[in-house]
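Undergrad: Please read through the structure below; I'll follow up with questions.
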Amino acid sequence: MTADGEHIVGPVPNVRGFFVATGCCVGGLSISPAVGDVLAAWIVDGAPPLDLSPLSPGRFAAADQSEERLAGDCLWHYAHHYSAGR
């Protein structure tokens with residue numbers, strides 16, 4: 001789980017040519033073929049075929065979070081991911 005409960009997909013800032021597709025839980029198994037296709041197209045074509053900016057690895061760079069806060073946010077998302085209210 002990630003601190004915001006979303007996947008992390010795309011190039012890692014400041015590491016040329018390094019792409020990730022992570023932050024998935026069990027639900028990630030069902031969408032992994034689509035994520036793989038989109039990421040492969042992005043790597044080959046140099047641009048994503050759709051807007052993946054909400055899933056960017058860089059979205060956490062500006063966050064001013066302590067390790068304790070980060071762990072707490074991840075735990076909260078894990079605990080509530082499968083709740084009936086979702």
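Undergrad: Which residue is surrounded by the most Cβ atoms within 10 Å (Cβ to Cβ), if the candidates are limited to segment 36-68 and must be modelled with pLDDT under 90 and within 16 Å of residue 5 (Cβ to Cβ)?
TA: Here the answer is 59.
Undergrad: For residues that are assigned to a helix (DSSP H, G or I) and either surrounded by 13 or more Cβ atoms within 10 Å (Cβ to Cβ) or in contact with a Leu (Cβ under 8 Å, 6 or more places away or on another chain) (or both), tally how many sit in segment 1-30.
TA: Number satisfying all stated conditions: 1.
The values are calculated or read from the model by the stated rules, or taken from the named source; none is laboratory data. Nothing here was measured: the structure is a model prediction, and the numbers come from that model. Here the Cβ is made from the backbone with ideal geometry for all residues, glycine too, and neighbour counts use every protein chain on show.
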